[in-house]
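Presented below is the structure to which this report refers.
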Amino acid sequence: MSLFRKSKSAAVIEKERLQLSRDYQVYTEVESSKKLKDFLALEEKVESTPFKVRRKEIESLRYKGSAEEKLVKQFARLEKNPKLVNYFKTASSSDLKRFLTIKGKGLPEQVEELEAYMKSGKYDNELKNFNHKKKTDQSFAGKWESTEAYKKEKEFQELKNSDDYIFYQRFAKSTEYKNFLAVDCSSELSQYWDLQKEVNSDKFKEKKAYLENPDRYKTTVDYKALCSYEELLKDEGIQLYFKYNETD
């Protein structure tokens, strides 16, 4: 074995010198560049504990089992609730519309008022007085049909037997209307409206879509910073700088 190493040729040494000279020029340019400052700042950021914790938390998020999924399921259960289903069916029915129209016109109150008059004894007294006067006063030529008592009694019978009033009475006693009244002031209905407003809001939809997106981390500012860092990490100038940095 030779005791002497083979010396490099002048051409090889010159080639290495020129390469080192070019590398040194690049090194000095990178050393004072904004690119290096950006890289170092990004490196400090992406290597920090808070940055890594945020990434882990974001990537571990799931729609399944989330508060949002629970709200959607809770709303779905309310949508299938028989009482609420029947409530909305009644609320949109022509029967309820007719019922409320009749009520709005004051027909029930008219019938109640006339019925109260008939039962108060005033009608019977007026009829009794009329018959007495007709019987005792030969000159009396009045007709019962012309009296207010008769007109009220006739109006009462007509209204009481009218299609609208009969319908009103029947609907007011129906199971569907009783359910409508019970649900209309219930906590279940309030909860339904609150949940409907919540799950249909843009904010909720965005959060749900975010949780369902397997690439959600790519939508974050942190991911953009990470991409910028990885891009600079591949930069030839940056790589050369760290090749020679803190070396002889």
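The values are calculated or read from the model by the stated rules, or taken from the named source; none is laboratory data. Just so it is clear, the structure is predicted and the values come from calculations on it, not from any experiment. FYI the Cβ positions are ideal-geometry reconstructions off the backbone, even for glycines, and counts take in every protein chain you see. These area figures cover heavy atoms from the full protein model, side chains too; ligands, DNA and RNA do not enter into them. Shrake-Rupley method; radii C 1.70, N 1.55, O 1.52, S 1.80 Å.
Table for the structure above
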{"read-out": "Where GLN25 falls short, out of the listed (1) over 21 Å from TYR192 (Cα atoms); (2) at pLDDT 90 or above; (3) assigned to a helix (DSSP H, G or I)", "value": "(2)"}
{"read-out": "Given (1) part of a loop (DSSP other than H, G, I, E, B); (2) within 30 Å of GLU59 (Cα to Cα), number of the condition ALA141 does not satisfy", "value": "(2)"}
{"read-out": "Those residues of region 144-176 which are open to solvent by 50 Å² or more (accessible area, probe 1.4 Å) and in a loop (DSSP other than H, G, I, E, B), in sequence order", "value": "ASN161, LYS173"}
{"read-out": "Filtered residues of region 85-114 (kept if open to solvent by less than 60 Å² (accessible area, probe 1.4 Å), over 21 Å from VAL183 (Cβ atoms) and either of a type in the set (D, E, K, R) or not in a helix (DSSP H, G or I) (or both))", "value": "GLY106"}
{"read-out": "Residue count, region 51-78 (criterion: in a helix (DSSP H, G or I), of a type in the set (S, T, N, Q) and closer than 19 Å to LEU195 by Cβ)", "value": "1"}
{"read-out": "Residue check for ASN179: of a type in the set (S, T, N, Q) and surrounded by 13 or more Cβ atoms within 10 Å (Cβ to Cβ)", "value": "yes"}
{"read-out": "Some residue of region 45-57 being of a type in the set (Gly, Ala, Ser) and either surrounded by 15 or more Cβ atoms within 10 Å (Cβ to Cβ) or modelled with pLDDT under 95 (or both)", "value": "no"}
{"read-out": "Meets criteria (without any contact (Cβ under 8 Å) to a residue 60 or more places away in the chain and under 25 Å from LEU107 (Cβ atoms)) for ASP163", "value": "yes"}
{"read-out": "Considering residues of region 182-192 that are touching a residue at least 12 places away in the same chain (Cβ under 8 Å) and not polar (S, T, N, Q) only, the residue surrounded by the fewest Cβ atoms within 10 Å (Cβ to Cβ)", "value": "ASP184"}
{"read-out": "Subset of region 211-230 [open to solvent by 60 Å² or more (accessible area, probe 1.4 Å) and of a type outside the set (Val, Ile, Thr)]", "value": "GLU212, PRO214, ASP215, LYS218, TYR223, LYS224, GLU230"}
{"read-out": "Boolean, GLN191 is within 26 Å of the chain's Cα centre (by Cα) and either over 30 Å from ARG22 (Cα atoms) or among the acidic types (Asp, Glu) (or both)", "value": "yes"}
{"read-out": "Test: ALA76 is under 21 Å from ASN200 (Cβ atoms), surrounded by fewer than 11 Cβ atoms within 10 Å (Cβ to Cβ), at pLDDT 85 or above and among the small types (Gly, Ala, Ser)", "value": "no"}
{"read-out": "Selection within region 193-208 - open to solvent by less than 80 Å² (accessible area, probe 1.4 Å) and not in a helix (DSSP H, G or I)", "value": "SER201"}
{"read-out": "Region 26-44 - residue that is open to solvent by 80 Å² or more (accessible area, probe 1.4 Å) and touching a residue at least 12 places away in the same chain (Cβ under 8 Å) and, of those, nearest to ALA225 (Cα to Cα)", "value": "GLU31"}
{"read-out": "Those residues of region 85-110 which are touching a residue at least 12 places away in the same chain (Cβ under 8 Å), under 21 Å from SER162 (Cβ atoms) and among the hydrophobic types (A, V, I, L, M, F, W, C), in sequence order", "value": "LEU96, PHE99, ILE102, LEU107"}
